[in-house]
Amino acid sequence: MILSGKRILLIIGGGIAAYKALDLIRRLRERGAAVRVVMTAAAQEFVTTLSVGALAADHVFTDLFDRNDEHDVGHIRLSREADLVVVAPATADLMAKLANGHANDLASTVLIATDKQVLMAPAMNPKMWSHPATRRNRATLQKDGIAFIGPAKGEMAESNEAGEGRMAEPLEIVAAIEALLDIRPKPLAGRKIIVTSGPTHEPIDPVRYIANRSSGKQGHAIAAALARLGADVRLVSGPVGIADPAGVTTLHVETANEMKDAVEQLLPADAAVFVAAVADWRSETSAGEKFKKVAGEGPPALQMIENPDILAGVGHHKRRPSLVVGFAAETQDLVKNAEAKLRKKGADFIVANDVSRVGGVMGGDRNRVRIVSKAGVDEWPEMSKDEVATRLAALIAERLKTITV
Ligand code: CTP
């Protein structure tokens, strides 16, 4: 069982969503977790300690000054003897208390006394959620390292109002818990995956170069997402201004030729994902000295030659990885061009994105892509580059599952 041996301290706040905490306890226990519960006074107005205790198969802790509770366990032990503290539902009041360091009941005292990661699943009326005070508290808590799941948009239980404020579903909270405890399944364990990212710089002289617009955000996010699924990721990155992703082996290169050599040396691999915006051309010669402006001579005539196509080279390589994924940055005829690249470059998938908006995808945080393969075109909605990366990593894991090496 995935949560075997894990101890979750669940704090139930007072709100209608408290009933979902009952299901959460059940879901956690069926995955093997031990669940210990603290309930606020308000929570007990919504669900009883009896039903919570029955589901948790444990005593429910409610009172800071209950001599029995304090004698048996005590709020410090309660807050330390857990692998993760989960607050569900996290009310506006509980958020405000922790953001400001209050400790006037058992729940708030445990929260401030813990040295463990805290996950909050907020649930409240949309107006309360969007109130500047709650937003401020949330920002403070996030800065303090508190993780959040939800709230989602939807109908409110207590009124006909709709908006952001509904607590995340129990299974979403379980997934967030698994992610925080880093015990998610690792479907890519034992798989070596090469990722290229960022632009390449092709020197003209010692100070000038030709480059593409690329921040490396999407490629780096994909490398990180693959590593989270357990892959042994080798990231070949052109010059970027962002940090090397955690859990990934990163090789830094400048030019297309260097990128190609690095990638080829990393073969064999199970999969390769080509996200880099490689410069298609380079200056045939790179001057040893800086070009000077000479009156009357005009600009230097650059003789351009084509760079090697790294993706196409690997797509048709004798040691071709089982799965080859390319990207297509297009400004027109997105799908048609992506389909042509699929064939020409020997890729299994082309992730096509429309880069016609300057200041849009390139350098931005969001992306809208289509996955073009022989099977057809799958259109994904606009999402963050991190979400694109997570979904693509899952797709790669799915595809590699059917391929044994
Ligand atoms: N690519 C590569 N090496 C190159 C050029 C591109 O590996 N020298 C890879 C990119 O990483 C991307 C895919 O090929 O995965 C598509 O790149 P793109 O620039 O969109 O296509 P091009 O082949 O350059 O075609 P065009 O510029 O005509 O659109």
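Every number in this text was worked out from the coordinates using simple rules, so none of it is lab data. Computed from a predicted structure; not experimentally measured. Backbone-built Cβ (ideal geometry, glycine too); neighbour counts: all protein chains shown.
Need one number: convex hull volume per residue for segment 234-292, Cα atoms only, in Å³. Value for segment 234-292: 124 Å³ per residue.
What is the distance in Å between the Cα centroid of segment 34-56 and that of segment 262-340? Distance between centres, Cα-based: 60 Å.
Relative to the Cα centre, what is the charge dipole magnitude of segment 88-245, using +1 at the beta carbon of each Lys and Arg, -1 at the beta carbon of each Asp and Glu, and rounding to the nearest 20 debye? Mind showing how you got there, number by number?
Details: 18 positive and 16 negative charges, 92 e Å.
The calculated dipole for segment 88-245 is roughly 440 debye.
For the chain, what is the percent of antiparallel DSSP beta bridges, rounded to the nearest 5? Antiparallel bridges make up about 30 percent of those DSSP assigns within the chain. Normalised by the number of residues in the chain, the average gap of Cα pairs under 8 Å and 6 or more apart makes the relative contact order 11 percent. If only the Cβ of Lys and Arg carry +1 and only the Cβ of Asp and Glu carry -1, the dipole of the chain around its Cα centre is close to 780 debye.
Toward the positive end of the charge dipole of the chain, with +1 on the Cβ of Lys and Arg and -1 on the Cβ of Asp and Glu, the farthest Cα among Val207, Thr109, Leu3 is that of Val207. Taking every DSSP helix (H) stretch of at least 4 residues in the chain, weighting each as -39,500 (n - 2.57) and dividing the sum by the residue count yields a mean residue ellipticity at 222 nm of -10000 deg cm²/dmol.
DSSP beta bridges fully contained in segment 192-400 are about 40 percent antiparallel.
Taking the DSSP bridge list for segment 62-195 and keeping only pairs wholly inside it, about 40 percent are antiparallel. Using C-alpha pairs under 8 Å with a sequence gap of at least 6, the mean separation divided by the residue count of segment 192-400 gives a relative contact order of 21 percent. For segment 192-400, the spherically averaged projection of the C-alpha convex hull amounts to 12.4 nm². Taking Cα centroids, how far is segment 140-217 from segment 80-117 in Å? What the calculation gives is 25 Å, centre to centre. Summarising the amide proton neighbourhood of Val86: residues at separation of 5 or more, or on other chains, whose placed amide H is nearer than 5 Å comprise Leu9, Leu10, Ile11, Leu119. Each distinct pair of alpha carbons in the chain adds a 1/r term; the inverse of their mean, the Kirkwood radius, is 24.3 Å. When the listed pairs Lys97/Lys143; Lys116/Lys186; Lys344/Lys374; Lys260/Lys318; Lys217/Lys336; Lys260/Lys345 are checked against a 18 Å cut-off, the alpha-carbon distance exceeds it for Lys116/Lys186; Lys217/Lys336. Charge tally around Thr40: other residues with Cβ under 11 Å, Lys/Arg +1 each, Asp/Glu -1 each, net -3. Projecting the Cα atoms of Ser322, Val351, Gly298 onto the charge dipole of segment 192-400, computed from C-beta unit charges around the Cα centre, puts Ser322 farthest toward the positive end.
Given a Förster distance of 22 Å, report the FRET efficiency between Gln265 and Lys186 from their Cβ-Cβ distance, rounded to the nearest 0.05.
Values: r = 26 Å, r/R0 = 1.18.
Computed FRET efficiency for Gln265 and Lys186: 0.25.
Loop-located trypsin sites (Lys or Arg not before Pro) across segment 134-232 with a Cβ neighbour count of 13 or fewer within 10 Å are Arg213, with loop assigned by DSSP. With the gyration tensor restricted to C-alpha atoms of segment 74-199, the semi-axes of the equivalent ellipsoid amount to 28, 22, 15 Å, longest first. Under 5 Å between amide hydrogens, built in the peptide plane, is the criterion, and for Val355 it picks out Glu330, Thr331 among residues at least 5 positions away or on other chains. Can you list the residues, at least 5 places off or on another chain, whose amide H is less than 5 Å from the amide H of Thr250, using H built in the peptide plane? Close amide H contacts, sequence-distant or interchain: Leu235.
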